[in-house]
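In what follows, a structure is listed as C-alpha cells, so that the remarks can point back to it.
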Protein chains: 4
Amino acid sequence: MSEQDQSIYKQMIDTLGESENMTPKQVKILEAAIEIISEKGYYNTSTSEIAKRAGVAEGTIFRHYRTKKDLLASIITPVITKFSAPFFAEKFVDQVFRKPHKNFEDFLYAFIKNRFEFAKANVPLVKILLQELAFHPEIQASYKKVFAEKIYPAINNVLDYYKEKGEIKDQPNLSIIRLLAPTVLGFLITRFLLQPDLEWDDDREIRRTVDFIMKGIGKVGE
Amino acid sequence: MSEQDQSIYKQMIDTLGESENMTPKQVKILEAAIEIISEKGYYNTSTSEIAKRAGVAEGTIFRHYRTKKDLLASIITPVITKFSAPFFAEKFVDQVFRKPHKNFEDFLYAFIKNRFEFAKANVPLVKILLQELAFHPEIQASYKKVFAEKIYPAINNVLDYYKEKGEIKDQPNLSIIRLLAPTVLGFLITRFLLQPDLEWDDDREIRRTVDFIMKGIGKVGE
Amino acid sequence: MSEQDQSIYKQMIDTLGESENMTPKQVKILEAAIEIISEKGYYNTSTSEIAKRAGVAEGTIFRHYRTKKDLLASIITPVITKFSAPFFAEKFVDQVFRKPHKNFEDFLYAFIKNRFEFAKANVPLVKILLQELAFHPEIQASYKKVFAEKIYPAINNVLDYYKEKGEIKDQPNLSIIRLLAPTVLGFLITRFLLQPDLEWDDDREIRRTVDFIMKGIGKVGE
Amino acid sequence: MSEQDQSIYKQMIDTLGESENMTPKQVKILEAAIEIISEKGYYNTSTSEIAKRAGVAEGTIFRHYRTKKDLLASIITPVITKFSAPFFAEKFVDQVFRKPHKNFEDFLYAFIKNRFEFAKANVPLVKILLQELAFHPEIQASYKKVFAEKIYPAINNVLDYYKEKGEIKDQPNLSIIRLLAPTVLGFLITRFLLQPDLEWDDDREIRRTVDFIMKGIGKVGE
DNA sequence: CATGAATGAGGCTTCATTCAT
DNA sequence: AATGAATGAAGCCTCATTCAT
C-alpha cells in the first residue's frame, strides 16, 4: 500500500503549500480550520475564530475560499480521495493479484492495517469527514461518486478473485461489503474517536477484526 | 421483547399528548421539529421554520421549551431511553434465561429483529440521535449513563450466560461488543439511512447478519 | 403628625384590601410587585415573575391592572400621596401654628423624625419611587402636581411664619428649600438605601441633621 | 483644579477618537448612545435605535461593544473616573496645602465651582450615571472602588487639615461627608436635571451653597 | 373572578461576507 | 495579497398582553 497518504493532516497541507500555490497564511488557515472544526463541528465554528487561531484577518480567509463551505470542501475533498486512495485503480488491484498476499486473510490484514495507519495519522480529518457527511449534500455527492467509480469496482474485483479461489463464501458482493465495511469502520471509529484513551493492543485487535470477518465471510468452517 | 416501544415517533408523542399534559400545539411542535431536524440537522433548522411548519407562533415554542436545545433534548432523551429499552433490567435478562430462546443464535435473531422493528418505526428519531450525538456533550453524557448503567451490564450478563453454555468463544466481552455492535448498527444504518430505497429482503438480511456474527463469535466452527 | 401613614408597605395594601374592593389575589400581586420591583427595578421585573411570586396566573394581573405600567402607578401614586401627607393642607399648617413646637428647630426635628419613621416603614416603596421617577413621565407629572399644589404651599407657609418670628434668615423660600430638601432626603437615602447596614445612632444623626440645617438657615449665629 | 476634564461629553469622545483607535463610526455610536440613553434611560433605548441615530448598521455596534451593557459601561466608567478626577492623588491634596485657598471656605468655593463646571459640560453623562447607578451592580462596584480608594481618602485629608486649623467643627468625617455630599449633589441635580430651565444666578447660588455648608460645618458662629 | 396557553412584536446578538485601503 | 471595519440578514429568545375556557 502506498505510504504517501500517511499523515495527511499536516503532510497534506505542507505538500500543497509547496507544490501548489499556497501562501503560508493559507496553510495556517487550513490548519486552524481543521483543528477547530474537528473539535466543535462546522456549525459551531465561526470564520472569525478560524481567523484568530490562524493569526490572520477575517478577510484573508475569503480571499482564498469563496465561502465558508468552500473551505470545508477543500478540507474534506482530499480526505475522501486519500481515504479511498488504495482503491484507486491499478495499485490496489495490482497488489491483490501480484503482491505477496498468499490468501484473502493476508490481504485483509494488510488492508486493515494500512487503513488503520491512515486513520491514526489523520484523526481530525476523519472526524470531520464522518461528522459533516450527513449535513452537506455536495460532500455526499462527491463521496458517492468516488465510491461508485473507484471503491466499489475495486472491492468487487478483489472479492470476485478470492471467491474464484474458493476463499470466500458465495454471497452477493454487496452483502459482503455491507458486513465488512461496518466491521472495519466500527473498529476504527471505536479505536480513534469513541475510546481513544483506552489502552489498546492494536495489533491484537486488528487480528481479532480480521479473524471475525474471516469466520463470517470465509469458507473455512464450512 | 416488549412491543410497547415500537413506533415511538408518532406514538410516543401521541401518548404524551394524552397521558402527560401536552397541549395539541406542543404536539405539533414536536412533530414539526422531528421532521425538519431529521431532514436538515439541528443547526440548519431555525425555530421560526419549526413554528411555521407546526402552525404556531414562534413564541409558543419557547413557552414549552426554554431553549432550542431543550427542544432537541426533549426529542432525543426518550429515544435514548427507548432505544435501549430491551436492555432494561429484568425483562431483557429474563428473556434470556427463561424465555424461548434455545440458543444464542435464536436470541440474537430475536434481538436484532426487535431492534430492526424499532428502527423501522422511528427512522427520523434514530437519524437525529445519530447525527447530533457528536455535537452535544449533554446528550453524550446522557447516552453514556444509560450505556454504563443499563446496556453494558445487560449485555454482559447475556454473554456470560452463553459463554458458560459453551456457545460463545472465550474473548473479553468488550471485544465481543466492539465487533457485535457495529455489525448490528451498520446493518440498521445502511438499511434505513444510507440505502432506504434499495429493495431489501429484510428477513434474509437479518439472517445473514446473525449468521455473520455467529460465525465470528460462536464456537461452532472451531 | 399623623400616624396613619406609617408602614404603608403592608398597611396600605391591607387597608385597601378591606376598605376598597381588593381580592386576596390582588393583594398578593401588589406585595409581590413591590418586593421584586424594589429589588430589581421596573424594567428588570417581568409580569410572569410577579405572577409566580404572587402565586397567581399571569392573566390575573391583567384582570386587575390594564397594563404593567398601571400596576406600577398603582404602587407609586399612593406613595407620592402618603409621602407628602404631612403637607396636606390644614393638618400640617395647623400643627405649625397651634401645636407644641415652640420654635423652628423643634418643628424641624419633629418633621424629620416623622418622615424618618415613614421612610423606615416603607423602604421598598420609597426605593421604587426614587428609582422609577426618572423614567416615567406620568409619574413625574403626578409628583409635580402634588408638589405644586400641596407641598410647596405648605412649606411656604411654614417658612414665612418662622421668618416673621425672626427664626429664619431672609432668603427666597425656593433657595431655602433647595438647601433643605437635599439635606433631609440625602440623610434618608444614605440611611436606608445606601448604607442600611451601618450601625446608625439614628437619634444623634437626626439631631445632627437638624443642627446642620439650623446653622445654615437660621439666624442664630448672626 | 485641572481643566482638562471639562466637557467630557463631546471632548472625551473626540479625544478618544483621535488618540485611541476609535473609528468615526464608533464615535458616532457613542454620541448617539449617550444622547438617547440620557433622554430615555438604558432600558428604554434599543440598540437598533442607537444604530439608526448613529447612521450605522446595528451589527456595527456589536463589533465595538460585545454587549449592550458593555456599551453602557464604556460610557459610564470614564464618567466615574473623570467625575472624581479632582480627588485623584497629588493634585487635589496639593491644592489644599500649597495653593491659594486661604481657608476652607475658599477651598469649598473653588471645589464646588469646579464640579459645577464639570456637571454643566456633561449633563447627559451625569444624568446617565445617576439614573443607571441603581440598576447595574457592576457599575456600583466600579463606583465603590473609586470612592473607597480615591475620593474618601482625599476628602479625609482635607477635612483633617482644616480641622487642625480650627476651621471645621469636630465631628466624625463620615458625618460631615454625609451632610456635605447631598448638599453639593442636590444643588447640581436641581440646577441641571430638575430645574434646568429656571433662570439661575449661578454664582449667587454657589455662594449660598458654600455659605450654608460653612455655617453648618464651620466653627465660625460658635 | 381566575386561568394559562398562545401570541407576535421587538430585542439583542452572531456571523458569513464585502470592500475600501 | 492582506487587512479589518462595516454590513445586514437571520437567529434565538423575552415578554406584555389577549382570550377561550
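Annotations for the structure displayed:
- Counting Cβ atoms of other protein chains within 10 Å of each Cβ in D:205-212 and taking the mean gives 4.
- With its label point defined 7 Å out from Cα along the Cα-to-Cβ axis, A:Asn156 lies at 4.7, 9.0, 10.5 nm from the matching points of the other copies, in increasing order.
- Computed E for A:Tyr152/B:Asp197 - FRET, C-beta separation, R0 22 angstrom, nearest 0.05: 0.80
- Once both labels are positioned 7 Å from their Cα atoms along Cα-to-Cβ, the gap between A:Ser175 and C:Arg207 label points is 10.6 nm.
- C:Gln171 long-range amide H proximity, modeled H, under 5 Å: none
- Looking at the range B:75-217, the accessible area is 45 square angstrom per residue; that uses a 1.4 Å probe and ignores ligands, DNA and RNA.
- Taking every residue in C:131-141 and counting other chain Cβ atoms within 10 Å of its Cβ, the average works out to 2.
- Take each residue in D:180-191, count the other chain C-beta atoms within 10 Å of its C-beta, and the mean is 4.
- With its label point put 7 Å out from Cα toward Cβ, C:Ser74 sits 3.2, 4.3, 6.4 nm from the same residue's point in the other copies, in order from shortest.
- For the range C:75-217, the Kirkwood hydrodynamic radius comes to 16.0 Å, computed from all pairs of different C-alpha atoms.
- Of all beta-carbon atoms in chain B, the one sitting closest to the axis that brings chain B onto chain C gives B:Gly59, 4, with the distance in whole angstrom.
- Under the Karplus curve 6.51 cos²θ - 1.76 cosθ + 1.60, θ = phi - 60°, whole-Hz ³J(HN,Hα) for the range D:183-189, x wherever Gly or Pro sits: 5, 5, 4, x, 4, 4, 5
- Heavy-atom accessible surface that B and A bury in contact, both chains counted, 1.4 Å, Å² to 100: 2600
- Label geometry 7 Å along the beta-carbon vector: D:Glu117 inter-copy distances in nm: 4.8, 8.2, 9.1
- Residue-wise HN-Hα couplings along the range A:70-81, as the Karplus relation 6.51 cos²θ - 1.76 cosθ + 1.60 with θ = phi - 60° gives them from phi, are 4, 4, 4, 4, 5, 8, 7, 3, x, 5, 4, 4 Hz; Gly and Pro carry x.
- Centre separation in Å (Cα based) which lies between the range C:54-75 and the range A:149-175: 76
- The fraction of accessible area contributed by carbon and sulfur in the range B:57-204 is 56 percent, rounded to a whole number (1.4 Å probe; ligands and nucleic acids excluded).
- Annotation for D:Asp70 and C:Lys52: the two label points, set 7 Å from Cα along the Cα-Cβ direction, are 2.8 nm apart.
- In nm, spacing of pseudo-spin labels at A:Leu133 and C:Glu39 (7 Å Cα→C-beta vector): 5.3
The values are calculated or read from the model by the stated rules, or taken from the named source; none is laboratory data. Keep in mind that this is a model prediction, so the values were computed, not measured. Here Cβ is always computed from backbone atoms with ideal geometry, including for glycine, and neighbour counts include all displayed protein chains. Just the protein is used for accessible areas: all its heavy atoms, side chains included, with ligands, DNA and RNA removed. Shrake-Rupley method; radii C 1.70, N 1.55, O 1.52, S 1.80 Å.
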